[in-house]
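For reference, the structure is listed below as structure tokens.
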Amino acid sequence: MRALVTGAGGSVGRAFVSWLHRNYPSVEVHGTVRPGITIAGLQELDWTISIPPGRIHPVHLDGDIDAVRRAIEEAQPDVVWHFAGWARVRESFDRPRDYWVNNTLGTAGLLEALRLVTPKAKLILASTSEVYGVGLEGGPPQDETTPLAPISPYAASKIAT
């Protein structure tokens, strides 16, 4: 199986790639990272990162559809785990438009590139509990049936994706 992990340089992406490599070593993992991130830079951040240099694709998901397409063409993934995006809740209040554009258009561009290049690939889209608003300690568990109640621009952008 071939996998593409978007946001492989972020904290969730790095942890997921490491988990995937430990538990499913036969999976050929490719990853997208922000331009400027190198395999050496990833290894400095997390020594367990296990994507070979030729499988790291620097991509701005929110603006460079050609780079997204090239990454997908090179990876030819059977499955894509989509972790790329901006996730600083506090910062999202200062830059709501930027968060909206990055998170929603980045996902839309990824979906379009997948449709054009590998339409049978499965997409696993990560979200956040932030979409449900403030949880009450000791309250009922939240799941997909919980009403959406975003309380930040970041959470609203994740609902839109």
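A few notes on this one:
- Cα gyration tensor, region 79-158 - rounded (a/c under 1.5), prolate or oblate: oblate
- 14 Å beta-carbon shell around ILE151, net charge (K/R +1, D/E -1): +1
- What a 1.4 Å probe finds exposed on region 114-161 is 57% carbon and sulfur by accessible area, rounded to a whole percent.
- Accessible area per residue (1.4 Å probe, heavy atoms of protein chains only) ranks TYR132, TYR154 as TYR132, TYR154, with the largest value leading.
- Label-to-label distance, ARG115 versus SER127, with points set 7 angstrom from Cα along the beta-carbon direction: 2.1 nm.
- Area of ASP143 that stays accessible when all protein chains are in place (1.4 Å probe, Å², to 10): 70
- On the beta carbon distance between HIS21 and GLU144, with R0 = 22 Å, the FRET formula returns roughly 0.15.
The values are calculated or read from the model by the stated rules, or taken from the named source; none is laboratory data. Keep in mind it's a predicted model, so treat the numbers as computed, not measured. A quick note on method: Cβ atoms are made from the backbone with ideal geometry, for glycine too, and the neighbour counts reach across all protein chains shown. When the accessible area is computed, the model is the full protein with side chains, heavy atoms only, and any ligands, DNA or RNA have been set aside. Shrake-Rupley method; radii C 1.70, N 1.55, O 1.52, S 1.80 Å.
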